[in-house]
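Peer 1: Have a look at this one before I ask anything.
The values are calculated or read from the model by the stated rules, or taken from the named source; none is laboratory data. What you see is a predicted model; the values in this text were computed from it and never measured. All Cβ positions, even for glycine, are placed from backbone atoms using ideal geometry, and neighbour counts span all protein chains on display. Areas reflect the complete protein model, heavy atoms only, side chains present, ligands, DNA and RNA absent. Shrake-Rupley method; radii C 1.70, N 1.55, O 1.52, S 1.80 Å.
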Amino acid sequence: MEQALIYVVPALGLVGLIVMAIKSAWVTKQETGDKNMMELAGYIADGAMAFLKAEWKVLSYFAVIAVILLVWSGMSVETSSPVIAISFLIGAVLSAFAGYIGMNIATKANVRTTQAARTSLKHALKVSFTGGSVMGLGVAGLAVLGLGSLFIFFYHLYVQSVGAGVNGVEMEKALEVLAGFSLGAESIALFARVGGGIYTKAADVGADLVGKVEAGIPEDDVRNPATIADNVGDNVGDVAGMGADLFGSYVATILATMVLGREIESLDNFGGIAPILLPMVLAGLGIIFSIMGMFFVTIKDDKGDVQHALNMGNWSSIVFTGIASFFVVKYMMPETLSIRGYDFTNMDVFYAIILGLVVGTLMSIITEYYTAMGKRPVQSIIKQSATGHATNIIAGLAVGMESTVLPILVLAGGIMGSYAFAGLYGVAIAAAGMMATTAMQLAIDAFGPIADNAGGIAEMSQLPKEVRDRTDILDAVGNTTAASGKGFAIASAALTSLALFAAFVGVAGIDAIDIFKAPVLAALFVGGMIPYIFSSLAIAAVGRAAMDMVNEVRRQFREIPGIMEYKAKPEYDKCVEISTKASLREMLLPGAIALITPLLIGFGFQGVFEQVSSAEMLGGLLAGVTVSGVLMGMFQSNAGGAWDNAKKSFEKGVEIDGEMYYKKSEPHKASVTGDTVGDPFKDTSGPSMNILIKLMSIVALIIAPHISQRPHTGAMSEKVEIKKEIKYEDGKKVVTETITEIKKVN
């Protein structure tokens, strides 16, 4: 039974990839429109691929250095292996490939969505969402296939081949090596997200400031030299970056639950590995339920509610997952379990999973409220745009800060509730339950940039107004779903980081993190500061790159006669080149901070303080960066999303104090300024926070054996016989069984 179930996990990932291929083929077969539309789509696709190749080249140098360090790390401690370097490379390659899959289909789906919008909103939604679902299924399928296959290999290599027990250091070694896969995925995700975010916002800000504000032409006007770079940026930032981001989140969540599951002695029908297998099984089944939920995303006609259709797909996949988790938990898990002295039942595990699904749903609903058109927060920004640019900025900042309150309370309730149900394993499995429907979440998220590109191509091709109206509907919903997706990702990152934190404490052998100790408190403050300097570097990078873009667009307007009269074609490639070089140059320092800081604390303070270990200081650092990073991520993502939709509200007209205002009005210009400030918030630094806190936790987990306070020497050599008695009621009769198993001393 164990052998059958363990192979089901990668098989489910393979099913996701097969369905992905079918959907990708369907999108490719759709009509592409006229020659001009295809030419513009070609510029976008070429620019996106050029960036991705340049980014991969830079990251390959980083990968070589990381592999060398990981080989050394694997050879230095008993509970690791040089194989961790191979695990890292596989994770990095699959993470990069996940981003490529998303970007490849997005650059095909955008022009096909534009063409579909010439016929109906229903068909445009189908094309754009199917394109997004290709990315969602690709990310989830690769993650489950890769993680499931590697676990099978390492489990056989390090545990079964030597006849070891599930709870011993042999399994700890297998999971430590598997953590390299997560490290590779998160490392690529961080650089992809930061680099892509800098790229897209440099182009977007440059296009807005010169095109819309100075020249007075539409955002995606073909005369704007930065418009191609702007549309390329939607793909490299919001598609490739987001794909790598959620790939890393997905893997880290599952891994954290597996590491904690190793500590549970489970008398199950699967050789004791049920708590380790459960998060992978949930992830695999989540792919199937996401596929089922995708059938619900449809509307009847042009008056259909696109947001409602997407919500139906999302909620149905969540409900399916919740129902199935009951039967899976009852089937896999024994009646009673315990972790670190905390006793719980298999039903408690089920309740924790349901709580995770509820928390994820509430986070999306709350984020949607704070960023959607027509709601109070966005309306407050619109109203204060009437009195100028400064009051618009003040209103947006206030909305962003306010938007952290409810999500944090929900998150805190989720943490306490899941812990009450099943201890630290409950917190981890709640995060795994929340992330189970990642394929659907990412499909909804990726649909937004596809719709945005489709609108851009419609504008640049000067298609009829009704076409742009349809793409505008999709784009506006896409802005809200993107914000909701970021809120969901940050919530899952908080739960995952707590689980990784608990795993780190166990591997490092520390009992508590005492902030009354000055070095630990100092590390806590340093951790709280990291998200601020990280955000500063990312936002400043966007500002510098945007200045270069603004100067280039002004130069072309000035030196190339005939652009404004459609008689000359702008030099789009120059703007693409500026964004590419700036993003690759500027992404390195923020990434280095995330990777190096845990190493400096962990190794740099080893043995420095007599009463405080470097492991405890590193724990303080992780606590600080997690709390600060979650708040910063929520604040920036929600403020940026609210500013964006406040600006878009003017396109149909808004009423302020009884008077109607439209595009090019003074309040609209103030809203453009707010959106420009919010762009790097919501698309560069904000969404990078969830990767930052998880990556630092994973780095800490990788180095934990090096700074551990408990010895492992001899732990893998001696075998002992353990006898356990189980008493259970069979009707009225009490039956006693004795189970004998061979287990290695840990």
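Peer 1: Could you compute the longest span of the chain free of trypsin sites (Lys or Arg not before Pro) located in DSSP loops and having at most 12 other Cβ atoms within 10 Å, not counting the site residues?
Peer 2: 1-299
Peer 1: For LYS122, list the aspartates and glutamates whose Cα falls under 19 Å from its own Cα; do not include residues on the same chain fewer than 8 positions away.
Peer 2: GLU31, ASP301, ASP302, ASP305, ASP445, ASP452, GLU466, ASP469, ASP472, ASP475
Peer 1: On to the next question. Quick one: angle between helix 121-154 and the longest Cα principal axis of the chain, in degrees between 0 and 90, rounded to 10, please.
Peer 2: So the helix axis and the longest Cα principal axis differ by about 30 degrees.
Peer 1: Another question about this same structure. Across all directions of projection, what mean area in square nanometres is found for the Cα convex hull of segment 584-656?
Peer 2: Mean shadow area of the hull around the Cα atoms is 8.0 nm².
Peer 1: How high is the relative contact order of the chain? Use alpha-carbon pairs under 8 Å, at least six apart in sequence, and give a whole percent.
Peer 2: Relative contact order, the chain: 19 percent.
Peer 1: So how much slack lies between SER536 and PHE609, counting 0.36 nm per residue of separation and subtracting their Cα-Cα distance, in nm?
Peer 2: Length gained between SER536 and PHE609: 23.1 nm.
Peer 1: Okay, next question. Which percent of the accessible area of the chain is formed by carbon and sulfur heavy atoms (probe 1.4 angstrom)?
Peer 2: 64
Peer 1: Treating only the Cβ atoms of Lys and Arg (+1) and Asp and Glu (-1) as charged, compute the dipole magnitude of the chain about its Cα centre; round to the nearest 20 debye.
Peer 2: It works out to roughly 600 debye.
Peer 1: With the contact rule set at Cα under 8 Å and sequence spacing of 6 or more, what percent relative contact order holds for segment 1-91?
Peer 2: Value for segment 1-91: 14 percent.
Peer 1: Rank SER535, SER120 by accessible area, highest first, at a 1.4 Å probe radius?
Peer 2: The residues order as SER120, SER535, largest area first.
Peer 1: Oh, and also: Before anything else, pin down the relative contact order of segment 220-374: Cα pairs under 8 Å, at least 6 apart, normalised by residue count, whole percent.
Peer 2: For segment 220-374, the relative contact order is 17 percent.
Peer 1: Using heavy-atom solvent-accessible surface (probe 1.4 Å) with all chains present, what is the largest-first order of LEU157, LEU463, LEU178?
Peer 2: LEU157, LEU463, LEU178
Peer 1: Over the Cα atoms of segment 8-115, compute the convex hull volume and normalise it per residue, giving Å³.
Peer 2: 93
Peer 1: Something else now. Tell me the angle of helix 169-206 to the major Cα principal axis of the chain, expressed in degrees between 0 and 90 and rounded to the nearest ten.
Peer 2: 10
Peer 1: Within the chain, what's the longest stretch lacking GluC sites (Glu not before Pro) that sit in DSSP loops with no more than 10 other Cβ atoms inside 10 Å?
Peer 2: 1-564
Peer 1: When the distances between all Cα atoms of segment 137-244 are binned every 10 Å from zero, what whole-number percent does each bin get?
Peer 2: Percent of pairs per bin, in order: 14, 27, 20, 15, 11, 8, 4, 0.
Peer 1: Show me the three semi-axes of the equivalent ellipsoid for the chain, from the C-alpha gyration tensor (sqrt of 5 times each eigenvalue), largest first, rounded to whole Å.
Peer 2: Semi-axes (√(5λ), whole Å): 45, 27, 23.
Peer 1: Now for a different question. Taking only Cα atoms, what is the 0 to 90° angle, nearest 10, from helix 274-294's long axis to the longest principal axis of the chain?
Peer 2: With both axes taken from Cα atoms, the answer is about 30 degrees.
Peer 1: Here is a further query. Cross-link partners among aspartates and glutamates for LYS517, C-alpha distance below 17 Å, same-chain residues fewer than 8 apart left out?
Peer 2: Candidates past the 8-residue exclusion: GLU610, GLU616.
Peer 1: Using just the Cα positions, wrap segment 538-682 in a convex hull and report its mean projected area in square nanometres, one decimal place.
Peer 2: Convex hull of Cα atoms, orientation-averaged projection: 13.1 nm².
Peer 1: If you wrap segment 108-170's Cα atoms in a convex hull and average its projection over all directions, what's the area in nm²?
Peer 2: Average projection, Cα convex hull of segment 108-170: 5.9 nm².
Peer 1: What pairs from LYS465/LYS664; LYS29/LYS647; LYS465/LYS669 go past 27 Å between their alpha carbons?
Peer 2: Flagged as over cut-off: LYS29/LYS647.
Peer 1: Taking the solvent-accessible surface of protein heavy atoms with a 1.4 Å probe, what is the per residue accessible area of the chain in Å²?
Peer 2: For the chain, the per-residue accessible area is 35 Å².
Peer 1: Quote to one decimal, in nm, the extra length available between ILE394 and SER76 on full extension: 0.36 nm per residue of separation minus the C-alpha distance between them.
Peer 2: 109.2 nm
Peer 1: Additional query: With the cut-off at 1.5 for a/c, could you classify segment 231-335 from its C-alpha gyration tensor as rounded, prolate or oblate?
Peer 2: oblate
Peer 1: While we're on this one: How about LYS694: which aspartates and glutamates have a C-alpha closer than 17 Å to its C-alpha, ignoring those fewer than 8 places off in the same chain?
Peer 2: GLU176, GLU186, ASP245
Peer 1: Compute the Rg to Rh ratio over segment 52-105 from the alpha carbon atoms, using the Kirkwood formula for Rh, and round to two decimal places.
Peer 2: 1.10
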